[in-house]
Amino acid sequence: MKNVECEIGMIGLGVMGINMVLNFTDHGFSAAGFDKDKAKVGALNKAAEDRKAFGAGSLDEFIKLLKKPRKVMMLVPAGAPVDAVIDELLPYLDPGDMIIDGGNSHFTDTNKRFKELGEKGIHFLGVGISGGESGARFGPSMMPGGPEEAYELVRPIFEAASAKYKNENCVTYLGPGSAGHYVKMVHNGIEYGLMQLISESYDLMKRGFGLSNEQLQKVFSEWNKKELQSFLIEITADIFAKKDDTTGGSLIDKILDEAKQKGTGKWTSEDAMEIQVPLPTIDAAVSMRDMSAYKTEREKASEILYGPDTKIEEDNQPFIKQLESALYFSMVTTYAQGMAMLRSASKEYNYNINLKDVAKIWRGGCIIRAALLEDIRSAFEKNPDLPNLLVDPSLSKQILNRQEDVRAIIKTAVECGIPVPAFAASIGYFDSYRSAWLPANLVQAQRDYFGAHTYERIDEKGTFHTQWNHV
Ligand code: 6PG
């Protein structure tokens, strides 16, 4: 191994790390790998076969395998492990070397690391990577942020390794500092919203209509052939077909209804509140993951509280068509919320993010890839200043025609007592965004009444305060 000079190194050889290394080397690049777990290093050396992939037994050995300026990527859990790796690496690095964090780090941590490493002359890239295990192995969507000149040094490797959508790379430079990790965070917020909408559709068909898993599998695979075509719909169809090895029944029915979360959806909602961007579908999705975790309380409550418990009486075929249309409407509004957040965040944090590029690199490889993203890309190509996807002439035409379907679905769900908070949030977003007037005048009057917070008038400039009562 003495004369090896690897173009990139990877710290963290978990399933994502090892797969990324194999992916890089599939494209002719040489890569070194290091993990404290010797078994993982051994696994890389075994999997390497005749590829230029080299697992190192120590950090010292790993560093010696790297060509200068060194490019060290890490795929370790977000938070303290990232800082621990940086601290261990630093004594081995020289100014001009580069550290790349490919995990789901919080963007504020990325900003801090970017600043601290920059002071030491070390380049730092924060790169969102989406697509799970198979994405890492065969082509993920990659969302890099940081100094553009540093990105240029790894661009050929990333472009080769990224997913392709009709021969176009699903990676592009997104902006300075934490831009890449911010875009990945919003990607995950959208992911939460879409997953919740799909789960509500499942609930309506299962509890509302009593559809079997076999029938659900058929519905989702039919949906995946048309405008809803997307990775999440595709895997949902697969899930309903999967049998449990132990019981032979459907695996889905054996899975506990408590959804876990690593935090990226919550971070999206938190920062949306911070920069004052409305994100109701994503907020609802985060809340519903929290609600799902109250399993024991829900079980007890179900013995005390009752609701309509009605089945849907209508013919199920027209209803399923309506649901398909309502889901499409709500998916569009979810992407619209995420994109509107990126637009505001780009201004707030000086990222200068190009939304067309974001849509472009999300068309392949990532969890939220969907046929719809090509329409979204084209909307931002036609009008880079589009304030919201809902007012794009072509998308607005598509959703205006479907609003009656969403309203009908929600009405039925409420009558049957089936919770559809993400569908309700989506139509609520649409109805409020299209309202030239909202009842916020009353909120202002109340604030002024109890706290003298003042209000503005529609017919006169200035701020006003009224003595509302005479006590
Ligand atoms: C991706 C996924 C990935 C991960 C999520 C899961 O884009 O590949 O988003 O990053 O699966 O972080 O998030 P939760 O554990 O919060 O559901």
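The values are calculated or read from the model by the stated rules, or taken from the named source; none is laboratory data. Just so it is clear, the structure is predicted and the values come from calculations on it, not from any experiment. Cβ atoms come from the backbone with ideal geometry, glycine included; neighbour counts cover every protein chain shown. Heavy atoms of the whole protein, side chains included, go into the accessibility calculation; ligands, DNA and RNA do not. Shrake-Rupley method; radii C 1.70, N 1.55, O 1.52, S 1.80 Å.
What's the number of the condition Pro393 fails, among (1) within 19 Å of Met341 (Cα to Cα); (2) open to solvent by 50 Å² or more (accessible area, probe 1.4 Å)?
For Pro393, the exception is condition (1).
Please go through the range 194-217 and give me each residue that is open to solvent by 30 Å² or more (accessible area, probe 1.4 Å), among the hydroxyl-bearing types (Ser, Thr, Tyr) and under 27 Å from the mean Cα position of the chain (by Cα), ordered by number.
Listed by number, the residues that qualify are Ser199, Tyr202.
For the range 331-351, does any single residue satisfy the condition of being on the phi > 0 side of the Ramachandran plot and out of contact with any helix residue (DSSP H, G or I) (no Cβ under 8 Å at 6 or more places or on another chain)?
There is at least one residue in the range 331-351 that is on the phi > 0 side of the Ramachandran plot and out of contact with any helix residue (DSSP H, G or I) (no Cβ under 8 Å at 6 or more places or on another chain).
With the requirement that a residue be part of a loop (DSSP other than H, G, I, E, B) and either within 13 Å of the ligand (Cβ to nearest atom) or in contact (Cβ under 8 Å) with a residue 12 or more places away in the chain (or both), what does the range 167-183 give you?
Looking only at the range 167-183, we keep the residues that are part of a loop (DSSP other than H, G, I, E, B), and these are 167, 170, 172-174, 176-178.
Matches in the range 167-183: Cys170, Thr172, Tyr173, Leu174, Pro176, Gly177, Ser178.
State all residues of the range 132-151 that are small (Gly, Ala, Ser), part of a helix (DSSP H, G or I) and within 15 Å of the ligand (Cβ to nearest atom); if no residue qualifies, say none.
First, pick out the residues of the range 132-151 that are small (Gly, Ala, Ser): 132, 134-136, 139, 141, 145-146, 150.
After this cut, where a residue has to be part of a helix (DSSP H, G or I) as well, the list is 132, 134-136, 150.
Across the range 132-151, the qualifying residues are Gly132, Ser134, Gly135, Ala136.
Could you list, ordered by first residue, the pairs with Cβ atoms under 8 Å in which the first is in the range 228-257 and within 12 Å of Leu194 (Cβ to Cβ) and the second is among the charged types (D, E, K, R) and at pLDDT 95 or above, at least 6 apart or interchain?
Hits for this filter: Leu228/Glu324; Ser230/Arg369; Phe231/Arg369; Leu232/Glu191.
Read through the list (1) open to solvent by less than 10 Å² (accessible area, probe 1.4 Å); (2) out of contact with any Gly (no Cβ under 7 Å at 6 or more places or on another chain), then give the number of the only condition that Ser162 fails.
The number of the failed condition is (2).
Out of Phe220, Phe240, report the one residue that is closer than 16 Å to Tyr328 by Cβ, out of contact with any Cys (no Cβ under 6 Å at 6 or more places or on another chain) and not in a loop (DSSP other than H, G, I, E, B).
Phe220
Do you know which of the residues in the range 235-273 that are of a type in the set (Lys, Arg) and within 16 Å of the ligand (Cβ to nearest atom) is surrounded by the most Cβ atoms within 10 Å (Cβ to Cβ)?
In this case the residue turns out to be Lys266.
Of the residues that make up the range 86-101, is at least one open to solvent by 30 Å² or more (accessible area, probe 1.4 Å), outside any helix (DSSP H, G or I) and more than 16 Å from the ligand (Cβ to nearest atom)?
So far as the range 86-101 goes, yes, one or more of its residues are open to solvent by 30 Å² or more (accessible area, probe 1.4 Å), outside any helix (DSSP H, G or I) and more than 16 Å from the ligand (Cβ to nearest atom).
Within the range 1-24, how many residues turn out to be over 11 Å from Ile63 (Cα atoms) and at pLDDT 95 or above?
Total satisfying the criteria: 14.
Looking for whichever is touching a residue at least 60 places away in the same chain (Cβ under 8 Å) and of a type in the set (A, V, I, L, M) here; the options are Val21, Val41, Val15, Val82. Which one fits?
Val15
Give the number of residues within the range 427-456 that are surrounded by 11 or more Cβ atoms within 10 Å (Cβ to Cβ) and over 32 Å from the mean Cα position of the chain (by Cα).
Within the range 427-456, residues that are surrounded by 11 or more Cβ atoms within 10 Å (Cβ to Cβ) and over 32 Å from the mean Cα position of the chain (by Cα) number 13.
Scan the range 102-130 for residues that are open to solvent by less than 60 Å² (accessible area, probe 1.4 Å), more than 14 Å from the ligand (Cβ to nearest atom) and among the hydroxyl-bearing types (Ser, Thr, Tyr) and jot them down.
Thr110
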